[in-house]
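Following: one structure in structure tokens, then a few remarks.
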Amino acid sequence: MSAPDTQNLPEKVRDALKAGHLYYMQDLTMEAIAHEMHTSRSSVSRLLSYARASGLVTIQIAQPHEGATRVQQELHSRYGIGAHIVPMPSAISDVDRLERVAISAARILDRFIDSNTTVGVAWGSTMSALSRHLIPKDLHNVEFVQLNGAGNTYTTGVLYASEILRRFGDTYSGTIQEFPVPALFDDPQTKQAMWRERSTRRILDIQERMDVALFGLGSPFSEVRSHVYAGGYLDADDYASLDASRVVGDVATVFFREDGSHHGIPLNERASGPDIDLIKRVPRRVCIVSGPSKVHSLRGALAAGLITDLIVDEGTARALADIAEPVEPVALAEHADHAA
């Protein structure tokens, strides 16, 4: 790689590019770079950090097929997914675990998002963390669409969801399409009427032509509580209904069981998120998961066929792989009998 032409770039960018080229392409030490650039070692360190954070330098770790970990092989064999496992010490808080997974996921996303792409984004604790660590990439004709409404009886949810979406748009030079409806309607008939409105139909049509779907998994069992379970979206009756339906998690406030089934769950009739069958038609479905307490939710999402690419911490991946067998979907009739 030859040294880039940087004459017309801002001074900080020129310096960061030069430091990056000397460090990563010529294997110079920070001390040697500081001497060559007539600056301090700490300044070189800051320039290299800026180069990575701004996307001037990207780092990839290539892992040969024969060197793939047992866990990756196991998950691919069972579920046919691409698994990206984030190394993690066992003694770490769930908050720190989430941040480390989000940082790694932000660097992996580069391979999934390109120009001329429509990307669906679900809001939630995981996606919020991910959005804070995105690496800039100059693209064109990229559109980010919100997958589910964020309003409830306490808030419109607009500021929370739009901030996540805005970070994606700013990072990838894309446009954003917000979805200003409730997360869960009070009455299914209200939802049906709203879905006939042309302004709502426009967003639904964009969702139906997604190339990529990005989402975390909500779980009632998670130690870092999913936003839908911590943000006042569900009342006592809702929780009782989820328990009666044996729900283990949700994607974009659409709920599912551990066997992957989702029919016959009353809250799904009121949910604003895309139907699970629609998500399954999206060519690339990237799920980011953090924390072993979400393993049952992850197992259900995999059984439902919702995931093509999984970014997950090491402990959760091992917990999933250690479960004897994947869950086999249960016939709908059995759920109907259970609900009755």
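The values are calculated or read from the model by the stated rules, or taken from the named source; none is laboratory data. Predicted, not measured: the structure shown is a model, and the values here were computed from it. Counting neighbours? That spans all protein chains shown, and the Cβs are built from the backbone with ideal geometry, glycine included. Remember, those area values only see protein heavy atoms, side chains included, never the ligands or the DNA or RNA. Shrake-Rupley method; radii C 1.70, N 1.55, O 1.52, S 1.80 Å.
In table form, for the structure just shown:
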item: Residue among Gly231, Gly260, Gly174 with the largest mean-square fluctuation in a Gaussian network model of the chain, springs linking Cα atoms under 10 Å; result: Gly231
item: Cβ-placed point charges (K, R +1; D, E -1), dipole of the range 106-195 about Cα centre in debye, nearest 20; result: 260
item: Karplus (6.51, -1.76, 1.60) ³J(HN,Hα), θ = phi - 60°, over the range 36-52, in Hz, Gly and Pro reported as x; result: 5, 9, 6, 9, 8, 4, 5, 5, 4, 4, 5, 5, 5, 5, 5, 4, 6
item: Shape call, the range 180-316: gyration tensor on alpha carbons, a/c limit 1.5; result: oblate
item: Whole-Hz ³J(HN,Hα) from phi, Karplus 6.51 cos²θ - 1.76 cosθ + 1.60, for the range 123-128, glycine and proline x; result: 8, x, 4, 5, 5, 5
item: Rounded to 10°, Cα long-axis angle of helix 11-20 versus longest principal axis of the chain; result: 90
item: Straight-distance crosslink candidates among aspartates and glutamates, where the alpha carbon sits under 15 Å from Lys137 and sequence neighbours closer than 8 are dropped; result: Asp110, Asp114, Asp170
item: The range 106-254 - convex hull of the alpha-carbon atoms, volume per residue in Å³; result: 116
item: Accessible area per residue, Å², the chain with all protein chains present, probe 1.4 Å; result: 49
item: Rounded Å value of the spacing that divides the Cα centres of the range 226-265 and the range 186-204; result: 21
item: Sulfur and carbon atoms: percent of accessible area, the range 276-328 [1.4 Å]; result: 47
item: Heavy atoms of Met194: accessible area, 1.4 Å probe, square angstrom to 10; result: 70
item: Angle between the chain longest axis and helix 70-79 axis [Cα atoms, degrees, rounded to 10]; result: 40
item: Simple Cβ-charge dipole of the chain, Lys/Arg +1 and Asp/Glu -1, about Cα centre, in debye nearest 20; result: 780
item: Probe 1.4 Å - accessible area at His140, Å² to nearest ten; result: 110
item: Crossing angle, helix 198-208 versus the chain [Cα axis fit, 0-90 degrees, rounded to tens]; result: 70
item: Computed over the range 159-241, the ratio Rg/Rh where both radii use C-alpha atoms and Rh is Kirkwood; result: 0.99
item: Read-out percent of Cα pairs over 26 Å apart, derived from the coordinates shown; its label in (i) 59; (ii) 49; (iii) 53; result: (iii)
item: Candidates Tyr50, Tyr229, Tyr24: whichever shows maximal mean-square fluctuation once the chain is modelled as a Gaussian network with Cα springs under 10 Å; result: Tyr24
